[in-house]
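Trainee: I have a structure here, written as structure tokens, and I will follow up with some questions on it.
The values are calculated or read from the model by the stated rules, or taken from the named source; none is laboratory data. The structure displayed is predicted, hence computed values, not measured ones. Note that each Cβ is placed from the backbone with ideal geometry, even for glycine, and that neighbours are counted across all protein chains shown. Only protein heavy atoms, including side chains, enter the accessible area calculation; ligands, DNA and RNA are left aside. Shrake-Rupley method; radii C 1.70, N 1.55, O 1.52, S 1.80 Å.
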Amino acid sequence: MLEPTPLSGVQIITPRVFSDNRGSFCESYNQDTLASFGIDTAFVQDNQSWSRDAGTIRGLHFQTPPAAQAKLVRVLVGEIWDVAVDIRAGSPTYGQWTGVTLSAENNRQLLIPAGFLHGFVTRVPDCLVAYKCSNVYAPGCEGAVRFDDPDLAIDWGIPAAGAVLSDKDAAAGSFAALQTPFTYEARQ
């Protein structure tokens, strides 16, 4: 059900799936179940994105305090490579990234706490991605870093020149220029 990643706080969650001759059923979110694993994030907004083309990159995004967001990401249709990058000053993994394949077939979800960049690339056409956020969207608090920043060296699995980007993501700044508002706090 819960699998840690190399980045402290970023977790892979795989709900139990019940299958029979009709298809399958899973409980995609249960606050009490997550709390039993020590995850007490309260989610207040659900988002959904549809990407027409394979190779669409959305990210790398974050929101600053007081509107910082944790996210719980899953795929309803298709497959993505989902990426989180640690931007917590003082973290032993600052500037490091982790990625995981999320798909409608594997039912995996990625929990990304506040203090991380988030982005994904679609691996197939017509991807439908849903994610829960712990804070509402606040345009004045949004930030972004280029997906192809050489200091991060994220392997997106596609040539950078072939990426389908929004104008805003294409204009995102460098990781070196990021002045992070987040500070690492070691868990006791």
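Trainee: Considering only residues of the range 138-155 that are open to solvent by less than 50 Å² (accessible area, probe 1.4 Å) and among the aliphatic types (A, V, I, L, M), which is nearest to A70 (Cα to Cα)?
Mentor: Across the range 138-155, the extreme among qualifying residues is A138.
Trainee: Looking at the range 123-137, is at least one residue assigned to a loop (DSSP other than H, G, I, E, B), exposed (fewer than 12 other Cβ atoms within 10 Å of the Cβ), of a type in the set (A, V, I, L, M, F, W, C) and at pLDDT 95 or above?
Mentor: Taking every residue of the range 123-137 in turn, at least one turns out to be assigned to a loop (DSSP other than H, G, I, E, B), exposed (fewer than 12 other Cβ atoms within 10 Å of the Cβ), of a type in the set (A, V, I, L, M, F, W, C) and at pLDDT 95 or above.
Trainee: Now, a different point. What number of residues within the range 1-24 are part of a strand (DSSP E or B) and at positive phi?
Mentor: 1
Trainee: Hey, among the residues in the range 156-188 that are aromatic (F, W, Y) and part of a loop (DSSP other than H, G, I, E, B), which one's most open to solvent (accessible area, probe 1.4 Å)?
Mentor: Taking the candidates together, the pick is Y184.
Trainee: Still on this structure, please answer the following. Inspect all residues belonging to the range 104-122 and state whether any of them is aromatic (F, W, Y), open to solvent by 20 Å² or more (accessible area, probe 1.4 Å) and assigned to a strand (DSSP E or B).
Mentor: no
Trainee: Of all the strands (runs of 3 or more DSSP E) wholly in the range 32-84, which have at least 2 residues that are surrounded by 21 or more Cβ atoms within 10 Å (Cβ to Cβ)?
Mentor: Qualifying strands (runs of 3 or more DSSP E): 57-63, 71-77.
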